[in-house]
């Protein structure tokens, strides 16, 4: 719950550092795992924000392959994630107002960009530190999505590569 996160830092001699790592976490892969693992090593309580399907449609121009409920369930079961929430707001400062985290974790693809500098300025005003993590070069959701698309376009037209709507899960 968001209120539990807020109480961690308020009025306690044993104040804990709350970290926040947001992302789509679509087609969960080693890069996602690395970000969450490294983030948790730098805070006492890690909140993972999983972007809603609607937010991804607006920000990335497409829906995720894996629906929100399933992405949230995957992230919730990562050992080093203390809390997973549906991220409904693009504005990270609004997310901070709700959760009051101390550290924001982001991939270094934002570092040095205009949107990264803007985020740094806004978070500096409220005392939030941004820690950038290196991008995992070996894999990405985009590369996985392209590979799936290539596989499905090479499959015989009467037989899908895999029926993801199947209830075998």
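Every number here is computed from the coordinates shown, using simple stated rules; none is lab data. Remember, predicted model here, so these are calculated numbers, not experimental data. Every residue, glycine as well, gets a Cβ built from its backbone with ideal geometry; the counts of neighbours run over all protein chains shown.
In whole Å, what three semi-axes, largest first, describe the equivalent ellipsoid of the stretch 15-142 built from its Cα gyration tensor (square root of 5 times each eigenvalue)? The partial results should precede the final answer.
On the way: eigenvalues 84, 57, 46 Å².
Semi-axes from the Cα gyration tensor: 20, 17, 15 Å.
If packing is taken as the average count of other Cβ atoms within 10 Å, what order do 73-83, 120-130, 32-42 fall into, highest mean first? Don't skip to the end; give the middle numbers.
Working: 73-83: 15.5, 120-130: 13.6, 32-42: 18.0.
Final packing ranking: 32-42, 73-83, 120-130.
So for the pair residue 154, residue 132, with labels modelled 7 Å out along Cα→Cβ, what separation do we get in nm?
With each label point 7 Å from Cα toward Cβ, the separation is 3.6 nm.
When ranked by the protection proxy of mean other Cβ atoms within 10 Å per residue, highest first, what sequence do the peptides 111-118, 84-91 form? Kindly include the intermediate steps, with their values, before the conclusion.
On the way: 111-118: 11.1, 84-91: 16.0.
Packing order, densest peptide first, comes out as 84-91, 111-118.
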